[in-house]
Each structure stands twice: as structure tokens, then as C-alpha cells.
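The values are calculated or read from the model by the stated rules, or taken from the named source; none is laboratory data. The structure presented is a predicted model; accordingly, all values stated were derived computationally and were not measured. Backbone-built Cβ (ideal geometry, glycine too); neighbour counts: all protein chains shown.
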There are 2 protein chains.
Amino acid sequence: MLSIDNLQNTFKKKISELQLLGQPPELYEPIRYAMELGGKRMRPLLTMLACDMFGCDVQKSMDAAIGIELFHNFTLLHDDIMDQAPLRRGQETVHKRWNANRAILSGDTMFAMANRHMILTPPLCQTQVLDIFNRTAIEVCEGQQLDMNFETRQEVSVPEYLEMIRLKTAVLLAASLQIGALIAGASSADAQLLYECGMCLGLAFQLTDDLLDVYGNESTFGKMTGGDIIANKKTYLYLRALERASPEQRTLLIKLFSDTPDNPDEKINDVKGIFDALEVRVLTKQAIDCYFDLAMSHLKAIGLPESDTNVLKDYAASLMQRQV
Amino acid sequence: MLSIDNLQNTFKKKISELQLLGQPPELYEPIRYAMELGGKRMRPLLTMLACDMFGCDVQKSMDAAIGIELFHNFTLLHDDIMDQAPLRRGQETVHKRWNANRAILSGDTMFAMANRHMILTPPLCQTQVLDIFNRTAIEVCEGQQLDMNFETRQEVSVPEYLEMIRLKTAVLLAASLQIGALIAGASSADAQLLYECGMCLGLAFQLTDDLLDVYGNESTFGKMTGGDIIANKKTYLYLRALERASPEQRTLLIKLFSDTPDNPDEKINDVKGIFDALEVRVLTKQAIDCYFDLAMSHLKAIGLPESDTNVLKDYAASLMQRQV
């Protein structure tokens, strides 16, 4: 089994070899910029890792890994327009640095490039991989639309929120693992188990993100905490808090989440006070553990020796920052 | 050989059977709206026609035809945002009727749906068809970027313009024919000849559009003439005129094309006066004939009996409104 560092370096090398320059430069500059912004490369690593786990040369999964990373970055370009986000990974977003038209069109091109890479999967699983990939793409769009719907909706239930993050985030992690397994020649049943594993990891990962945004250590989380509270985002913590709130707490929470004060520190403190009183930190940690354990049980069901699944286990645990 | 009417009805039936409703409705409503706006359905007809021409049941090409039409309509959704177009086929554009975010995300979904339909092509030519499809998608984006670049550029040469319309319009017509041929089991060489044929038809088609926008009969053209002149669009006619203009005509033409008067009738007349003096109508007709004839020579080179190629010939001629 290859280590995460090893896989990361292999992917980095492959990305640097990509020909991301073309004509006209106005179209390709943003593509190169977006792909060079970096990030955790979580999805391609999962594809490579799954491929390796089933005993296949990871080189066979590199095109799929690149395709998935191109797709993921395409969704970021378009999401950032829709969310009017000024920054991504500490740098200007494409639509801010250039304009929305460039971000739309460069994004479209990245999606087509992604499909061209996906086509290069081995013939035996090509149809299946391409269908999973594009079905997942549709689901990611459905998730993004739900996310936008929720912004202007007063009432969002916890199950509705879970369905949104399942579509927007978890299905792509799931598909990344499944595709890696299929390329390695795993059976459809084993690949499906890995898909379910990835889905649960994806849910746990997003809930971890929600949790760390409030309670994270800023130096290990990598960004300022309180961002979701400032942005009035209906996260898992907020929705669980609303469920459990007394009428007074509910009124206060809704009021706090309809406000955008110039100095948000007091607001963050007030929200955290309610969250603490309602114990949503513990509840969220429990949900994360629950999804993580379910992910591990799917992984175990595949029946591979532990020595083959440990890299995924450790990587998944590191993503959850289980020390939280 | 099936008639164009027959092919059109077959496609209409297939489109009406598509399941274009899904969750959340905010994502799928614009997709259904866009697909029901109609249009000539030129690209899917070319795919079906090519399939039929090589003696194959058109039903085998229906998924590809749907995929290509979904793709084409996706590009319209995004182009209309970028061009801030309020109307498409006499109806509100998606970004006007809803908003830009809906048009971006519904468009993205349509592209993924398009790829899912393309995957359903027969296994023997699947890889080739998918690669042509996504390579063409990239080229269409390149063409759209060039088109946007030209809007703000003073100097555009005629060859640059031809390259732009080749990418933005012609390659998709070419690929539509090629994909239909491949599905029918035509040789790569014959499918390539049909691609070249489609490319020339695409160029002739776009130049016809440029010509009819100035000199067309409004009742047969289907829209008001003079639109490109009002919008200061650097069409083939404008660029040929600039090439041949005297210094005085050049200055006047550039001045006219930097102006947006409230009552455009006088501007249209002045521009037409220069176009007439420089004989660009004749030049454009010659170029259209030249590309059309080249298209027919590629078609002839395939070596099919005339009875098999007549439907394409007649359809192509009708697109050029060769009576102009």
C-alpha cells in the first residue's frame, strides 16, 4: 500500500504535467489558475487510494483522478459566482480576478476536459465509470440548488439539510472511491460498498466542517472560525439548535441569523452561548462519529485484509480531525 | 431514406418522452423550459440523417441526438447570460425569466445529462463518440471566448472571424454528422469526410445568417433584419467591408459601429449604403457558395449513391435558403 504522501506527490506530478494552456488564453488562464490554487486534492486521492487498495497500479487511475479534480474545481468556479464569494483558498476567486463570464466559460471547459479524462479509463469499466461520473455531476448540481434554496427559506429540517450535503458534497467523495475501485477491477458489489463508505465519510466530513467553523482551532482549521455564523449559514449546528431551542432561544437565534452587524464578535458569542446551552457541539460530534463508524463498517464488509484498508482509515480519520 | 419531416417528428416524439422533471424543481424547470422552446433541432436532425444515410435504424442514434440537443441548449443558456440577451426564440431567456444563477446551474446539469445520453451509444464506437463530443464542447467554448474577445477588439481579420465561427458554430454541426455516421457503423474515414462536410456547411450557415440579418426577407428569416448592425456586431459583412473600404468609408463605418442611436433606422441605412457600395453582399454570397460546394464535394467523396445523400443535400440547401 502506498502512503498518502506518496499518492499526493504522484498526483502533484501528474497535475504539473497537464497541458493547461491553450487558445484563447482568456479561456485557459483561469483554468490553470484554479487548478494551481491547490487544496487538499481529497477526491483524486480517494480514487488513487481505492485503486491501490484493490491491488492495482495507481497509474491506471490517474486520468480519472485528474478528471474528478477538474470537475470539482469547475463546480467551485461556478459556486463562487453564485455565492458571490470573493476568496477561495485565500486567493481571489476567478470571477473576482477576471469576471463572471470568464468563470462561467472556463468552468464549462473544465467540465468537458474532465469528461475527456474520464474517457481514458480502461475499456472494461468505461461505461460504468462515465455513467457514475455524470450522474454524480447532476446530483452535485441538485445539492447546490438545494443549498441556494435553503438560504432564502425560513424552515429547513435536519433531514433536508443532510440530503443537501449528501448531494452537494458526499456523493462526489463516494463516487471518487467507487471509480477507483472499478478501475482496479473490483467487483460491482465491492465498489458499491466503497461508495457507501465514501458517502458516510462525506457526511461526516461536512459535519466536521460545520463543527470546526464554530469550535475549531484556527491554526489547524486553516481559516477563521465563526464564518458560517457571520454569513447566517443554516449549518447542522444551527438546525439542531433550532430543533431544541425554547421559544425564547428560537426567537433570539432567528433574530441573530437575520442580522449582519459591522462588528460580528458579539453576534458570534451570543450564538455560541445558545449552541453551548443546547449542547449542539456534543450532538454534532455524535453524528460525526455515527457516520464515521458506519463508513468503517461498509469498508469492513468488503473483506479486504486490514493492512490494505488502513491507509484509507487513517486518511479518513485525519479528515475528521478526530481529536476535536 | 427517411424525409426531414419524418426525422423531425421522430425527434419531437423522443424529446416529449424525456423525463425532464426532477428535484429540486428550481433546477429542472429551466431545463424543461429551454428544451421546449423548440428551434430548428438542426444538430440532432443531422445526427439522425447521417445515421440513416449509412443504412442504420435511426433509433440507434436517438440518444446521441438528444445528447447533442441538450448540449446545444446548455450553451445557449450560458451564452445568453454572457451576452445579456433578453430574448431567445421570441421568449424570455432563462436568466431573465429566473436569474443568472439558475441559468448557470441548470446549464451545468444539462451538460451532464447530455454526457449521460452520449454514453448510451453502441459500445463499438462509444469511446470515439464521447471523445468527439467533449472535444467539440471545448472548441465551442473556445469559439464563444473568441466571440467575446472580438466585441472589445478594434481589429479583427476575416480569417480570425472564420476561425471564431468555425469553433463556435461549425464544429458542432460537423460533429453531429460524424457521430451519426459512427453510430451507423460507417468507417472512420467516411465519418471524417462527413465531419468536413458539416464543418463547411456550418461556415456557410453562419455566413448565411450574417447575410440574412442585413438582406433577408423578414418573413422568411424569422426575425427583424438589421439586428447585427444595431448591436455593432463584427459580422463577415462588416469585416469584408472594412477590408475594402476607402479611408473615408472606413472612418465612417467604424464611427457608425461605435454608436447606439435611439432610432437606428438611419444607422442601418447608412451601413447598408456602404455595404452596397463595397459589394459585400455579393462577396458573402460567393463565400457561402464556395463553402457549400466544398461541403458537397466532401459528401460526394464518401461514394454513397446519390439517392442516399439527397436528403442531406436538400436539407443543407434549405438551411442556406439558397434562393437569397
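Structure values in brief
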| item | result |
| --- | --- |
| Enumeration of residues in region B:59-109 that are among the charged types (D, E, K, R), more than 14 Å from chain A (Cβ to nearest Cβ) and within 16 Å of the chain's Cα centre (by Cα) | B:69, B:88, B:89 |
| Residue, nearest to residue B:79 (Cα to Cα), within region B:157-166, restricted to residues that are surrounded by 15 or more Cβ atoms within 10 Å (Cβ to Cβ) and either within 11 Å of chain A (Cβ to nearest Cβ) or more than 16 Å from the chain's Cα centre (by Cα) (or both) | B:164 |
| Only listed residue being within 22 Å of residue A:177 (Cβ to Cβ), without any contact (Cβ under 8 Å) to a residue 24 or more places away in the chain, out of contact with any His (no Cβ under 7 Å at 6 or more places or on another chain) and in the same structural domain as residue A:131 (by TED's automatic domain parsing), chosen from A:83, A:52, A:57 | A:57 |
| Of the criteria (1) touching a His at 6+ places or on another chain (Cβ under 9 Å); (2) closer than 15 Å to residue A:274 by Cα; (3) of a type in the set (D, E, K, R), which one residue A:240 fails | (1) |
| Contacts under 7 angstrom Cβ, first residue in region B:1-28 being within 18 Å of residue B:107 (Cβ to Cβ), partner of a type in the set (A, V, I, L, M, F, W, C) and outside any helix (DSSP H, G or I), 6 or more apart | B:28/B:20; B:28/B:21 |
| Considering residues of region A:197-206 that are within 11 Å of the chain's Cα centre (by Cα) and of a type in the set (A, V, I, L, M, F, W, C) only, the residue nearest to residue A:161 (Cα to Cα) | A:203 |
| Residue that is within 11 Å of chain B (Cβ to nearest Cβ), touching a residue at least 60 places away in the same chain (Cβ under 8 Å) and buried (at least 19 other Cβ atoms within 10 Å of the Cβ), where the choices are A:112, A:184, A:137 | A:137 |
| Odd one out for residue B:245, checked against (1) within 27 Å of the chain's Cα centre (by Cα); (2) surrounded by 14 or more Cβ atoms within 10 Å (Cβ to Cβ) | (1) |
| Residue within region B:193-204 that is crowded, with 21+ Cβ neighbours inside 10 Å, outside any helix (DSSP H, G or I) and away from every other protein chain (no Cβ under 13 Å) present | no |
| Residue tally, condition surrounded by fewer than 16 Cβ atoms within 10 Å (Cβ to Cβ) and of a type outside the set (D, E, K, R), over region B:249-288 | 11 |
| Of residues in region B:19-44 being within 14 Å of chain A (Cβ to nearest Cβ) and aliphatic (A, V, I, L, M), the one nearest to residue B:59 (Cα to Cα) | B:20 |
| Single condition residue A:212 does not satisfy, out of (1) of a type outside the set (Ser, Thr, Tyr); (2) over 30 Å from residue A:1 (Cα atoms); (3) in the same structural domain as residue A:314 (by TED's automatic domain parsing); (4) free of Cβ contacts under 8 Å to residues at least 60 places away in the same chain | (4) |
| Test: residue in region B:142-156 that is more than 10 Å from chain A (Cβ to nearest Cβ), in a loop (DSSP other than H, G, I, E, B) and under 18 Å from the mean Cα position of the chain (by Cα) | no |
| Residues that are closer than 19 Å to residue A:116 by Cα and in contact with a Gly (Cβ under 8 Å, 6 or more places away or on another chain), drawn from region A:24-64 | A:28, A:47, A:48, A:61, A:64 |
| Residue check for residue A:27: over 16 Å from residue A:66 (Cα atoms) and crowded, with 19+ Cβ neighbours inside 10 Å | yes |
| Residue list for region B:117-128, filter: touching a Gly at 6+ places or on another chain (Cβ under 9 Å) and more than 7 Å from chain A (Cβ to nearest Cβ) | B:117, B:118, B:120, B:121, B:122, B:124, B:125 |
| Number of the condition not met by residue B:224 [criteria: (1) under 19 Å from the mean Cα position of the chain (by Cα); (2) in a helix (DSSP H, G or I)] | (2) |
| Test: residue B:219 is modelled with pLDDT under 95, assigned to a helix (DSSP H, G or I), surrounded by fewer than 19 Cβ atoms within 10 Å (Cβ to Cβ) and not charged (D, E, K, R) | yes |
| Subset of region B:304-313 (residues that are touching a residue at least 40 places away in the same chain (Cβ under 8 Å) and more than 18 Å from the chain's Cα centre (by Cα)) | B:304, B:307, B:308, B:309, B:310, B:311 |
| Qualifying residue in region A:303-311 (condition: closer than 28 Å to residue A:178 by Cα, in a loop (DSSP other than H, G, I, E, B) and of a type in the set (A, V, I, L, M)) | yes |
| In region B:39-58, the residues that are modelled with pLDDT under 95 and over 14 Å from the mean Cα position of the chain (by Cα) | none |
| In region A:142-157, the residues that are in contact with a helix residue (DSSP H, G or I) (Cβ under 7 Å, 6 or more places away or on another chain) and in contact (Cβ under 8 Å) with a residue 40 or more places away in the chain | A:144, A:148, A:150, A:156 |
| Criterion violated by residue B:293 - all others in (1) out of contact with any helix residue (DSSP H, G or I) (no Cβ under 6 Å at 6 or more places or on another chain); (2) within 30 Å of residue B:41 (Cβ to Cβ); (3) in a helix (DSSP H, G or I); (4) in contact (Cβ under 8 Å) with a residue 24 or more places away in the chain satisfied | (4) |
